[in-house]
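What follows is one structure encoded as structure tokens, with my remarks underneath.
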Amino acid sequence: MPDLLDSFGKKEKRDFARDFKQMIRVAVGMNKYYGWCKEDITKYRKEYDKLIEMFNKKYKGIFMKLAAKADGLELKVFFRKETDMKGVFSNASKIIGIKAIGLEGFGEVDVGSPELQETLSRAKEQLYISYYDAESGSSTILIEFSKKEKMVELIYDIEGMENEKSPEFKLCIFYGIKEGYEPGIDIIGEEAKFGFIDYLEAEEKNAKMRDFCPKFTE
């Protein structure tokens, strides 16, 4: 059975995965830094907001936004141009292992059920999507409509966003590169300034960090 990403080239998927993972990891670091109440967090947030603008320009199908909450910072991920659950589900359903959907929780209606379309027609605010794969086990996607942004938002967990084989990550790859992207925008080079450069080779790290001392590296 073909998978959602089979029509894309390896380089496209690799480029997005590298940039996207680092965006998530820098966001985790920013949240930690925010929790420590460091005095220069405002400066770093401004720099990260610039990085988000670069990412949004490079990958036109994804829209990211950093939001401040009472207990920390949260990187929000939206699917640009998607304004309803059915549109996103039509793509999410092409990920191998699709099993069920729900309006209030996971596993309510099997995808083979005659109730599927009627359930989808009632999905206005949230949609829970379940998957099962014999190799990786159970996994999920949760999406909801953002009235503020007027786009569908992916409600994710960090573990899923660091696993390229997870349905969450695959869906992000799809939206990130489905309309093409601008490879000339150097996301990794800017991310290196935050100290989160896990995916660079030793030579690249030395080049990026030669004149820079990161404020934090966790």
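The values are calculated or read from the model by the stated rules, or taken from the named source; none is laboratory data. Please read these numbers as outputs of a predicted model, since none were measured by experiment. All Cβ positions, even for glycine, are placed from backbone atoms using ideal geometry, and neighbour counts span all protein chains on display.
Values as computed for the structure displayed
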{"read-out": "Residue in the stretch 69-84 that is surrounded by the most Cβ atoms within 10 Å (Cβ to Cβ), counting only those that are of a type outside the set (D, E, K, R) and closer than 24 Å to Tyr181 by Cα", "value": "Val77"}
{"read-out": "Number of positions in the stretch 169-190 that are of a type in the set (D, E, K, R) and either farther than 12 Å from Leu4 by Cα or modelled with pLDDT under 85 (or both)", "value": "4"}
{"read-out": "Number of the exception - Lys193 against (1) modelled with pLDDT under 80; (2) more than 25 Å from Lys57 (Cβ to Cβ); (3) charged (D, E, K, R)", "value": "(2)"}
{"read-out": "Among residues of the stretch 1-20, those that are crowded, with 19+ Cβ neighbours inside 10 Å and either under 21 Å from Leu75 (Cβ atoms) or among the hydroxyl-bearing types (Ser, Thr, Tyr) (or both), counted", "value": "4"}
{"read-out": "Leu66 being touching a residue at least 40 places away in the same chain (Cβ under 8 Å), under 18 Å from the mean Cα position of the chain (by Cα) and surrounded by 16 or more Cβ atoms within 10 Å (Cβ to Cβ)", "value": "no"}
{"read-out": "Single match in Ile101, Ile143 (criterion: farther than 26 Å from Lys10 by Cβ, over 16 Å from the mean Cα position of the chain (by Cα), surrounded by 20 or more Cβ atoms within 10 Å (Cβ to Cβ) and β-branched (Val, Ile, Thr))", "value": "Ile101"}
{"read-out": "Count of the stretch 155-185 residues which are farther than 17 Å from Gln22 by Cβ and of a type in the set (Phe, Trp, Tyr)", "value": "2"}
{"read-out": "First in the stretch 109-132 and crowded, with 16+ Cβ neighbours inside 10 Å, second anywhere and β-branched (Val, Ile, Thr) and assigned to a helix (DSSP H, G or I), Cβ under 8 Å, 6 or more apart", "value": "Val109/Thr119; Leu127/Val88"}
{"read-out": "Some residue of the stretch 15-33 being out of contact with any Cys (no Cβ under 6 Å at 6 or more places or on another chain) and outside any helix (DSSP H, G or I)", "value": "no"}
{"read-out": "Some residue of the stretch 68-79 being of a type outside the set (A, V, I, L, M, F, W, C), within 27 Å of Thr140 (Cβ to Cβ) and touching a strand residue (DSSP E or B) at 6+ places or on another chain (Cβ under 7 Å)", "value": "yes"}
{"read-out": "Test: Phe8 is touching a strand residue (DSSP E or B) at 6+ places or on another chain (Cβ under 9 Å), of a type in the set (Phe, Trp, Tyr) and closer than 24 Å to Lys170 by Cβ", "value": "no"}
